[in-house]
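The values are calculated or read from the model by the stated rules, or taken from the named source; none is laboratory data. This one's a predicted model, so the numbers in the text were calculated from it and none came from an experiment. Ideal geometry is used to build each Cβ from the backbone, glycine not excepted, and the neighbour counts take in all protein chains shown.
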Amino acid sequence: MAKNDVLFSLKIEDMTNLGCGVAKSGGRVVFVKGGVRGDVLDALIIKETKDYSVAAVKNIISPSPYREENRCESYKACGGCVFRHISYVEEKRIKLDYEVNAFRKIAGVDIMPEGITTVSPDGYRNNIRYPVGVDKNGRLFAGFFAEHSHKIINAENCLTQKPAFTPVVKYLFELFNRGGFTVYDETTGEGYLRHVCLRTSREGRVSVCVVINGQVNKQLKDVAKEAEKSQNSVVSFFANINTKKTNVIFGESTITLFEKESLTEKICGKTFKISPRSFFQINTETAEIMFEKAAEYLDLKGGEVLLDLYCGTGTVGICVSPEEVKLIGCEIIPEAVEDARENAKLNGINDFTFVCGDASEGVAACIEKYGVPDAITVDPPRKGLSTETINAILESKTKKLVYISCNPDTLARDVKILTGSGYTLNRITLFDMFPRTSHVECVTLMSREKNQV
């Protein structure tokens with residue numbers, strides 16, 4: 001096989017978690033972009049490696065019953081929604097299989113998740129971060145980076161985002177174009193607007209944060225004033241200053257241009273304040289069901305000590321805790337820690353401590369104040385738990401651990417370490433927090449007997 005060869009009448013036998021069809025030709029594995037399990041098609045080879053071929057659909061001879069008409073105008077260029085051409089039922093099967101295989105191959109554990117849950121496959125994103133692009137006519141637009149590139153494509157009408165964002169984004173970019181704003185160029189480090197970040201609540205209130213390369217100028221202040229007057233849904237407007245030549249979105253300094261009210265969200269009957277940089281689950285409706293499952297796994301009665309690592313604004317710990325629980329949380333972003341403290345007060349938790357620092361520091365802080373926690377919850381980023389955090393958890397000999405993960409591979413890696421050091425994997429449930437994308441969230445319960453060393 002060689003690049004630009006055509007493979008005729010390929011049968012797509014399986015799917016990868018990145019939305020590619022899997023076929024075989026002459027005993028060689030071929031990954032077909034845009035292929036769906038059950039398709040019979042002709043494919044054009046676009047890449048050859050020593051071990052496999054990559055191809056693109058050239059002609060569909062017989063479509064799969066799982067194939068679905070794509071409704072997104074940016075689908076092919078964006079690359080974010082890798083399952084947009086597949087039925088949602090089939091997408092959930094793929095994600096379930098991937099999780100099971102990750103546990104089997106990486107952790108050496110055979111376990112079947114209790115299910116995979118979501119509320120809606122579209123219109124779920126409550127937090128969106130648009131890099132600012134400029135088209136061939138010099139007009140600014142909100143977009144996303146195209147797959148495997150730094151080219152920005154227009155994506156103002158993303159199907160995964162909450163409907164409340166669309167009119168706000170359109171209005172802001174009218175003002176940006178009218179005001180003659182420049183766009184940040186990552187190759188030169190010049191230009192003013194870097195990202196436009198929006199968050200919304202289930203009630204449709206919107207908070208705006210514009211990331212800028214420089215100081216707040218009169219033009220940006222004017223945009224904030226116009227938005228305050230004309231966009232009833234916008235309750236706050238911030239400017240985050242990031243002058244570093246980096247692909248990290250946020251800088252350290254955030255300035256309030258106006259705040260009619262704090263952006264808050266209700267989840268599991270609890271109220272949470274959310275600031276521009278703090279972590280909050282991107283899919284509120286599915287997160288609520290996920291936290292209810294985590295609470296079921298923890299089974300706290302009141303009076304226990306709960307340590308919540310990577311706590312963000314305190315959502316997990318507060319949602320799963322009866323008021324009488326002694327709650328200690330740890331988070332590395334200072335604004336999120338402040339939000340978590342305020343959220344604990346808002347929700348009637350009287351005995352709480354939130355510390356700003358690395359997760360492993362949170363274990364030490366908990367033991368110093370309360371002794372060994374009765375349970376630990378962790379909700380780390382995609383890279384999973386650090387070695388220091390795992391060692392701190394193991395040294396604490398905590399009896400119950402609920403691990404929330406957005407990456408099956410790093411979860412399975414960490415489960416292997418933890419189960420090899422005294423913990424037992426008891427239960428697992430999947431939650432499709434990011435429908436149409438390759439990501440899936442997972443809640444696991446691990447426990448150890450009191451006398452285990």
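What to note about this one:
- Of all residues in the stretch 154-166, those that are touching a residue at least 60 places away in the same chain (Cβ under 8 Å) have Cβ atoms under 7 Å from Cβ atoms of residues that are surrounded by fewer than 22 Cβ atoms within 10 Å (Cβ to Cβ) and of a type in the set (S, T, N, Q), 6 or more apart or on another chain, in Asn154/Ser74; Ala155/Ser74; Asn157/Thr166; Ala164/Ser233.
- Helices (runs of 4 or more DSSP H) fully within the stretch 277-368 that include at least 3 residues being under 20 Å from Ser201 (Cβ atoms) and of a type in the set (Val, Ile, Thr): 284-298, 315-320.
- The condition of being outside any helix (DSSP H, G or I), within 23 Å of Asn126 (Cα to Cα) and of a type outside the set (Asp, Glu) holds for only one of Leu445, Leu430, Leu401, that being Leu430.
- Restricting the stretch 88-122 to residues that are of a type in the set (Lys, Arg) and touching a residue at least 60 places away in the same chain (Cβ under 8 Å), the residue that is surrounded by the most Cβ atoms within 10 Å (Cβ to Cβ): Lys95
- Residue check for Lys151: at pLDDT below 90, surrounded by fewer than 17 Cβ atoms within 10 Å (Cβ to Cβ) and of a type in the set (D, E, K, R): yes
- Close pairs (8 angstrom Cβ cut-off, 6 or more residues apart or separate chains): at positive phi in the stretch 362-386, crowded, with 20+ Cβ neighbours inside 10 Å anywhere: Gly371/Val305; Gly384/Ser405; Gly384/Leu411; Gly384/Asp414
- Of the numbered criteria (1) among the hydrophobic types (A, V, I, L, M, F, W, C); (2) surrounded by fewer than 22 Cβ atoms within 10 Å (Cβ to Cβ); (3) part of a loop (DSSP other than H, G, I, E, B), the one Ile390 fails is (3).
- Given (1) part of a loop (DSSP other than H, G, I, E, B); (2) within 21 Å of Thr286 (Cβ to Cβ), index of the condition Thr187 fails: (2)
- Unmet criterion (only one of (1) crowded, with 18+ Cβ neighbours inside 10 Å; (2) touching a Cys at 6+ places or on another chain (Cβ under 7 Å)) for Val134: (2)
- Count of residues meeting criterion [over 25 Å from the mean Cα position of the chain (by Cα) and of a type in the set (A, V, I, L, M, F, W, C)] in the stretch 368-410: 3
- The criterion of at least 2 residues that are out of contact with any Gly (no Cβ under 7 Å at 6 or more places or on another chain) and within 30 Å of Leu172 (Cα to Cα) is met, among strands (runs of 3 or more DSSP E) falling completely within the stretch 85-158, by 127-134, 140-145.
- Residue selected from the stretch 248-272 under the condition of a type outside the set (Gly, Ala, Ser) and assigned to a loop (DSSP other than H, G, I, E, B), by the criterion surrounded by the most Cβ atoms within 10 Å (Cβ to Cβ): Leu263
- Checked against the criterion of being in contact with a Phe, Trp or Tyr (Cβ under 8 Å, 6 or more places away or on another chain) and of a type in the set (Gly, Ala, Ser), the candidates Ala227, Ala164 yield just one match: Ala227.
- Residue tally, condition closer than 25 Å to Asp409 by Cα and surrounded by 21 or more Cβ atoms within 10 Å (Cβ to Cβ), over the stretch 6-16: 2
- Enumeration of residues in the stretch 17-32 that are small (Gly, Ala, Ser) and in contact with a Cys (Cβ under 9 Å, 6 or more places away or on another chain): Gly19
- Residue ID - nearest to Glu147 (Cα to Cα), chosen from residues in the stretch 65-84 that are assigned to a loop (DSSP other than H, G, I, E, B) and touching a Lys or Arg at 6+ places or on another chain (Cβ under 7 Å): Cys81
- Flag if Glu261 is of a type in the set (Asp, Glu), modelled with pLDDT under 95 and out of contact with any Leu (no Cβ under 8 Å at 6 or more places or on another chain): yes
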